[in-house]
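**Q** First the structure, then my questions, so here it is.
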Amino acid sequence: MAKLVINAWNKKFKINKDLYGQFSEHIGRGIYEGIYVGEDSTVENVNGLRCDVVRALRDIQVPVLRWPGGCFADYYHWKDGIGPKEGRKKIVNANWGSTVEDNSFGTHEFMELCEQVGCEPYICGNVGSGTVEEMSDWVEYLTCGGSSPMSELRAKNGHPQPWKVKYWGVGNENGGCGGNMTPEQYGQAFRRYRTFCRNYGDNRLYCIAGGADVADYNWTEGVMKTAAFCGERRLMDGISLHYYTQSNTWDHKKRATEFDVSDYYRGFVRARRMEELIEKHCEIMSQYDPRHEIGLVVDEWGAWYEVEPGTHPAFLYQQGTMRDALLAAVQLDIFNRHANRVVMANLAQMVNVIHSIILTEGNRMLLTPTYHTFALYKEHQDAQLLDSWLETEEIGDEESRIPNMSHTASMKNGVLTLTISNLSLEQSEQIACYLLGFYGTAIKGRLLQADCAAHNTFEAAQQVKPRELQGAAFTDSGLKFMLPPCSIAQITVSGS
Ligand code: AHR
């Protein structure tokens, strides 16, 4: 029997709902087909946006969506994607398979998507191949309510009212695909671009600097030093971090569904590295921002595998298994534990690409196991993280050792939510949970459990989905329940 102690007296900090964000880039069938099918499509849509996908995203309360890239962002010229569709410029998407990008999904379509889903837009502007003026104009086009060249252009294109945009990315991976700059060069660029991203009316931008890839601490150091502050004035609101649990760099390239026991454990070792990366990048940030005013934004994370057979290698289309649902749970737990510094996280990528929560084929759609992780975790959004301790044991093989379980406990509106996963491939866990400072009167539980390689297909789309958790019960000191191997449980306890 493993012990879990939850201390509801000790509420640590708020888990920002934006930790449950998503990312969608113009890659393969990520936007086109996956989200946007056009108004004339036989797939049910509202203004070209797939109803099934929008409905699924609303159901898990996606809080924020990052767009248009990724590497595509520093290649994208937003004025190509506005105005009558027949007049929009066609470009070659050189990063992702040199396909023709007809720009039929642009600013207005993205903003409508966010409205339909009910999420915040997070727009990433072009530093690598765009000008300061171009980025400044985009902010004006989106958010300026007065009479100005860009607000008049927006009105001419059918949207007289300005939109609200909070999150603004100043470039993406500018040490690589976004311009191959040094941290100091990018820091200088950030200072200029950010200066001309203005707040119009009561719109307030939260400007995010393009941050490090994995353990590039030199990048975080150089950018923070050069661009976090201008004298006493803070220029930066957030700085990003990208980290993929990437099998392409493992010994062999393997597909999402193609792994053995040692790959399974190694995946968790790699996923858990997120914690060390967050802590080390935050330590560097603290040297330049001792008051912790600048947030860390993990705006690309996920498990990246070899593409599915028969698909274009640059479209990055992959399946998702129960292993990926567990990998996501472990990383969401890490974000929750660091929610005092990590203000946003965006899973890459939402539909039909890497570690997607949704896959589509024609008019069919399926929810991957990772979608269900987000469904089980949604109660943590904007909840208070509770102090808690879980007794774990080490599992794995000789090379990869990991704790057998991972969890988060939070409280919102008088309801305690516990999500807990068992990573063991064969061992069930009986949990004795001690509740301090909370008297529970009703328990509800759901369970996602499947073989680690199980996944949903278009032929069998309901293979992996949550069901009711049986047998959770109150005890004198709290509650008890059983967690089968390869499973994630969500338990909500009402009370006082
Ligand atoms: O998500 C795919 C790519 O990974 C993004 O375009 C880039 O930012 C990262 O390297």
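**Q** Of the residues that sit in the range 158-182 and are of a type in the set (Val, Ile, Thr) and assigned to a loop (DSSP other than H, G, I, E, B), which one is farthest from Ala227 (Cα to Cα)? Quick ask: steps written out before the conclusion?
**A** Residues of the range 158-182 of a type in the set (Val, Ile, Thr): 165, 170, 182.
If we keep only those that are assigned to a loop (DSSP other than H, G, I, E, B) as well, we get 165, 182.
Values: Val165: 22, Thr182: 13 Å.
Ranking the qualifying residues of the range 158-182, first place goes to Val165.
**Q** Continuing with the same structure: In the range 457-473, is there at least one residue being surrounded by fewer than 18 Cβ atoms within 10 Å (Cβ to Cβ), modelled with pLDDT of 95 or more, over 32 Å from the mean Cα position of the chain (by Cα) and not in a loop (DSSP other than H, G, I, E, B)?
**A** yes
**Q** For Met224, which of the numbered conditions (1) in a helix (DSSP H, G or I); (2) at positive phi fails to hold?
**A** All conditions pass for Met224, except number (2).
**Q** Here's another thing I want to ask about it. Picking from Val62, Val53, which residue would you name as being more than 16 Å from the ligand (Cβ to nearest atom), buried (at least 19 other Cβ atoms within 10 Å of the Cβ), assigned to a loop (DSSP other than H, G, I, E, B) and in contact (Cβ under 8 Å) with a residue 40 or more places away in the chain? Spell out how you get there, then give the answer.
**A** Working: Val53 fails: assigned to a loop (DSSP other than H, G, I, E, B).
None of the other options fit; the residue is Val62.
**Q** Another question about this same structure. Would you confirm whether or not the range 367-384 contains a residue that is within 16 Å of the ligand (Cβ to nearest atom) and either without any contact (Cβ under 8 Å) to a residue 24 or more places away in the chain or buried (at least 20 other Cβ atoms within 10 Å of the Cβ) (or both)?
**A** Kept after step one, since they are within 16 Å of the ligand (Cβ to nearest atom), are these residues of the range 367-384: 370.
Still in the list and also either without any contact (Cβ under 8 Å) to a residue 24 or more places away in the chain or buried (at least 20 other Cβ atoms within 10 Å of the Cβ) (or both): 370.
Yes; the residues of the range 367-384 include at least one that is within 16 Å of the ligand (Cβ to nearest atom) and either without any contact (Cβ under 8 Å) to a residue 24 or more places away in the chain or buried (at least 20 other Cβ atoms within 10 Å of the Cβ) (or both).
**Q** A further question on this structure: Just checking, does the range 306-325 include any residue being of a type in the set (A, V, I, L, M), surrounded by 22 or more Cβ atoms within 10 Å (Cβ to Cβ) and on the phi > 0 side of the Ramachandran plot?
**A** There is at least one residue in the range 306-325 that is of a type in the set (A, V, I, L, M), surrounded by 22 or more Cβ atoms within 10 Å (Cβ to Cβ) and on the phi > 0 side of the Ramachandran plot.
**Q** A further question follows. Of Leu425, Leu418, Leu436, which residue is among the aliphatic types (A, V, I, L, M) and either within 20 Å of the chain's Cα centre (by Cα) or crowded, with 20+ Cβ neighbours inside 10 Å (or both)?
**A** Numbers: Leu425 fails: either within 20 Å of the chain's Cα centre (by Cα) or crowded, with 20+ Cβ neighbours inside 10 Å (or both); Leu436 fails: either within 20 Å of the chain's Cα centre (by Cα) or crowded, with 20+ Cβ neighbours inside 10 Å (or both).
After ruling out the rest, the residue left standing is Leu418.
**Q** What single numbered condition from (1) surrounded by fewer than 21 Cβ atoms within 10 Å (Cβ to Cβ); (2) within 16 Å of the ligand (Cβ to nearest atom) fails to hold for Phe13?
**A** Among (1) surrounded by fewer than 21 Cβ atoms within 10 Å (Cβ to Cβ); (2) within 16 Å of the ligand (Cβ to nearest atom), the lone unmet condition for Phe13 is (2).
**Q** Collect the residues in the range 168-182 that are more than 16 Å from the ligand (Cβ to nearest atom) and under 30 Å from Pro84 (Cβ atoms), keeping them in residue-number order. Working first, answer last.
**A** First, the residues of the range 168-182 that are more than 16 Å from the ligand (Cβ to nearest atom): 168, 182.
Hit for the range 168-182 is Trp168, nothing else.
**Q** Regarding the range 287-305, can at least one residue be identified that is more than 16 Å from the ligand (Cβ to nearest atom), without any contact (Cβ under 8 Å) to a residue 12 or more places away in the chain and part of a helix (DSSP H, G or I)? Steps first, please.
**A** Step one: of the range 287-305, the residues more than 16 Å from the ligand (Cβ to nearest atom) are 287-296.
From what is left, the residues that are without any contact (Cβ under 8 Å) to a residue 12 or more places away in the chain are 290-291.
With part of a helix (DSSP H, G or I) added as a condition, the list becomes none.
No - not one qualifying residue is present in the range 287-305.
**Q** While we're on this one: So which of Ala314, Ala339 ends up being more than 20 Å from Ser406 (Cβ to Cβ) and aliphatic (A, V, I, L, M)? Please lay out each step first, then the result.
**A** Working: Ala339 fails: more than 20 Å from Ser406 (Cβ to Cβ).
Residue meeting the stated conditions: Ala314.
**Q** Is it the case that Phe72 is part of a helix (DSSP H, G or I), within 16 Å of the ligand (Cβ to nearest atom) and touching a residue at least 24 places away in the same chain (Cβ under 8 Å)?
**A** yes
**Q** Please go through the range 105-135 and give me each residue that is in a helix (DSSP H, G or I), touching a residue at least 40 places away in the same chain (Cβ under 8 Å) and in contact with a strand residue (DSSP E or B) (Cβ under 9 Å, 6 or more places away or on another chain), ordered by number. Spell out how you get there, then give the answer.
**A** Keep residues of the range 105-135 that are in a helix (DSSP H, G or I), which gives 107-117, 132-135.
Remaining after also requiring touching a residue at least 40 places away in the same chain (Cβ under 8 Å): 108-114, 116-117, 132-135.
Scanning the range 105-135 gives Glu109, Phe110, Met111, Glu112, Leu113, Cys114, Gln116, Val117, Glu134, Met135.
**Q** So, in the range 200-254, of the ones that are away from the ligand (no atom under 16 Å from the Cβ) and free of Cβ contacts under 8 Å to residues at least 24 places away in the same chain, which residue ends up nearest to Gln185 (Cα to Cα)?
**A** So the residue we want is Gly231.
**Q** Same structure, new question: Let me spell it out: the conditions are (1) surrounded by fewer than 20 Cβ atoms within 10 Å (Cβ to Cβ); (2) farther than 19 Å from Cys114 by Cβ, and His159 meets all of them except one. Which number is the exception?
**A** All conditions pass for His159, except number (2).
The values are calculated or read from the model by the stated rules, or taken from the named source; none is laboratory data. Keep in mind that this is a model prediction, so the values were computed, not measured. Here the Cβ is made from the backbone with ideal geometry for all residues, glycine too, and neighbour counts use every protein chain on show.
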